[in-house]
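Here is the structure we will look at.
The values are calculated or read from the model by the stated rules, or taken from the named source; none is laboratory data. It should be emphasised that the depicted structure is a prediction, and the values quoted were computed from it without experimental measurement. Glycine also receives a Cβ, built like all others from the backbone with ideal geometry; neighbour counts cover every protein chain displayed. Accessible surface is based on the protein model in full, side chains and every heavy atom, while ligands, DNA and RNA are left aside. Shrake-Rupley method; radii C 1.70, N 1.55, O 1.52, S 1.80 Å.
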Amino acid sequence: MYPSTAGTDPGGGLSTSDTPRLARHVRLTFCRTRQRPILQLPETVVVLNGSGADILELCDGRHTVAEIVAELGARYQTVPGDEVRQFLTRLVARRCVELADG
Amino acid sequence: MDSPFGLLAELTYRCPLACAYCSNPLNMADYSAELATDEWRRVLAEAGDLGVLQCHLSGGEPLLRRDLAEIVAEAHDLGLYTNLVTSAVGLSRPRAEQLRAAGLDHVQISIQADEPAISDRIAGTPSWRRKIEAMGVVKELGWPLTVNVVLHRNNIDRVAGVLELAEEVGADRVELANTQYYGWALRNRDALLPSRAQLRAAEVVVRAARERLRNRMDVIYVLPDYYSRYPKPCMGGWASRQLTVTPNGDVLPCPAAQSLPLPRASVREDTLERIWAESPVMTAFRGTDWMPNPCRSCDRRELDFGGCRCQAFQLTGDAARTDPVCHLSPDHGLVAKAVEAANADSRADALPLIPRPHGVRPSPRTPTAAPRRR
């Protein structure tokens, strides 16, 4: 889903009631040349897969972590909740996603 | 062949600063026939079609282009992520507001040191205070801010102060980038290259700061390749992920590549797509087929791509040799000698620095650009 980063906090302090949203310096777009969803950071481009993009689309400051996990579980039988939480934790550690307690 | 992700748009080589570590070319006058606004518009559209997602607006000082907001707006309309790489001299509040309205996504401001007098001396002009003010405006307008500091022998001992300053101004990222020796920096290399002891001390400070700031600020530290065992994976491979367009429209895999003896390719004469796919300046070192040994048989050839072609050319006269930074390179002695000199007890304290000139005024567009000096 996302290149793993060394030294991230394994717990991440991610709670099920948190409402993640994209950090303002990050942009989720679609690249027509590559036909893939893209996450834009100041000096980096991350080419996402479908489930990664779905998670980030739900990071709108309204959906809680629990709701995002449930939604992904419904869309993809193959994406377990732990993976969704780890993905979000890594993005929080890289400051691409911000958390607000819902 | 991959599609490029990033376009480095070098809008002008003119600059209010005169930093001796500048990587701009020595023959700046050859770039004074700057692309017009419409030409940049076309370049940006062609870059978008080619798959470019990020546009880094740089120079020289991009704010010296009066049409900067128009260029930003065009890039933004094309869906590109826009990044302004600036000295911040000229980033007044109205100018900043204009760029914000045009859709600029991110601002990177350079500073030369944490202390005003030292920073101004390195920049060659009073600028520290204006930079700090501009950083405040950037944060106020809600932009993410990267503070960039080029490290060298005369400021690397101040890295703790630099990190404190970045924290104070509310930077989201700080880039501590050891000087890369191209252009004016190569000319000033012996004066700029830090000692091993200086680097060790800086790394201790950076490591501690990373730990302390890890949820608040990204700390990016670019190692000096002269002290590395292996070369850097320059540009992620030649003409693989990035391309550069110089102020006069030359297209290059990286800004330093203007120094190589390759035929020039210009957006004034061809499309970006054809240049990227076919021009010798792009195909010369793409992939791994060009590699000599020790790279050809090396396990790391897909990791570092043989290092930097420009560094190989500048140090050995042959762009196809292994980057002499690599300890396996037959030319490694060239780098080892410079490192040895930087660490010699007999080294003079402060060697003279040649400041880069501010640059020449742009000339009106001429149908054919002046021949390039080599």
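Would you please state the base-10 log of I(q)/I(0) at q = 0.10, 0.12, 0.14 1/Å for segment B:188-340, with intensities from the Debye formula using one equal scatterer on every alpha carbon? With one equal scatterer per Cα and no solvent, log10 I(q)/I(0) is -0.44, -0.62, -0.80.
For B:131, B:139, the ranking by accessible surface with the largest value first comes to B:139, B:131, using a 1.4 Å probe. Once the convex hull of all Cα atoms in segment A:22-99 is built, its volume per residue stands at 87 Å³. With a cut-off of 15 Å, note down the residues of segment B:320-336 whose backbone N falls inside the zone around a label point 7 Å from the Cα of residue B:293 toward its beta carbon. Only B:322, B:328-331 pass the distance filter. Name the residue from B:142, B:43, B:194 whose Cα lies farthest towards the positive end of the charge dipole of the protein assembly as shown, charges +1 on Cβ of Lys and Arg and -1 on Cβ of Asp and Glu. Ranked along the dipole, the leading option is B:194.
For residue B:302 and residue B:203, the difference between the fully extended length at 0.36 nm per residue and the C-alpha to C-alpha distance is 32.9 nm.
The residues B:323, B:318, sorted by heavy-atom accessible surface at 1.4 Å with ligands and nucleic acids left out, run B:318, B:323 from largest to smallest.
Only helices enter the 222 nm calculation for chain A: every DSSP H run of n ≥ 4 contributes -39,500 (n - 2.57), and dividing by all residues gives -10000 deg cm²/dmol, rounded to 500. Measuring nothing but protein heavy atoms, the accessible surface of the protein assembly as shown at 1.4 Å probe radius is 51 percent carbon and sulfur.
Of all DSSP bridge pairs formed entirely within chain B, close to 10 percent run antiparallel. The mean number of Cβ atoms from other chains found within 10 Å of a Cβ in peptide A:26-34 is 4, as a whole number.
For chain B, what does the convex hull of the Cα positions come to per residue, in cubic angstrom?
About 133 Å³ per residue, rounded to a whole number.
Shielding of peptide B:47-57 by partners, expressed as the average count of other chain Cβ atoms within 10 Å per residue Cβ, is 3.
Using C-alpha pairs below 8 Å separated by at least 6 residues, the relative contact order for chain A is 39 percent.
Residue B:291 sits among other residues whose Cβ lies under 15 Å from its own Cβ, and their net charge, with Lys and Arg +1 and Asp and Glu -1, is -1.
The string of couplings for segment B:254-269 from the Karplus curve (6.51, -1.76, 1.60, θ = phi - 60°) is 7, x, 6, 5, 4, 7, 7, x, 10, x, 7, 10, 10, 5, 7, 10 Hz, one whole number per residue in order, with x for Gly and Pro. The mean sequence distance of close C-alpha pairs (under 8 Å, at least 6 residues apart), as a share of the length of chain B, puts its relative contact order at 22 percent. On the beta carbon distance between residue B:196 and residue B:1, with R0 = 30 Å, the FRET formula returns roughly 0.15.
Please list B:198-211, B:143-156, B:65-78 highest first by mean number of surrounding beta-carbon atoms within 10 Å per residue.
B:143-156, B:65-78, B:198-211
For segment A:22-99, the solvent-accessible area works out to 45 Å² per residue, with a probe of 1.4 Å and every protein chain left in place. Given +1 at the Cβ of Lys and Arg, -1 at the Cβ of Asp and Glu and no other charges, the dipole of segment A:22-99 around its Cα centre is 340 debye to the nearest 20.
For peptide A:38-48, the mean count of partner chain Cβ atoms within 10 Å of a residue's Cβ comes to 6. What is the protein assembly as shown by shape, rounded, prolate or oblate, if you read a ≥ b ≥ c off the alpha carbon gyration tensor as root eigenvalues and call it rounded for a/c under 1.5, prolate for a/b larger than b/c, and oblate otherwise? Taking the square roots of the gyration eigenvalues as a ≥ b ≥ c, the protein assembly as shown is rounded.
Taken about its Cα centre, segment B:171-292 carries a charge dipole of roughly 600 debye when the Cβ of each Lys and Arg holds +1 and the Cβ of each Asp and Glu holds -1. Springs between Cα atoms under 10 Å define the GNM used for chain B, and in it the highest mean-square fluctuation of B:30, B:349, B:331 occurs at B:349.
Note on residue A:47/residue B:345: beta-carbon distance plugged into 1/(1 + (r/R0)^6) with R0 of 56 Å gives a FRET efficiency of 0.65.
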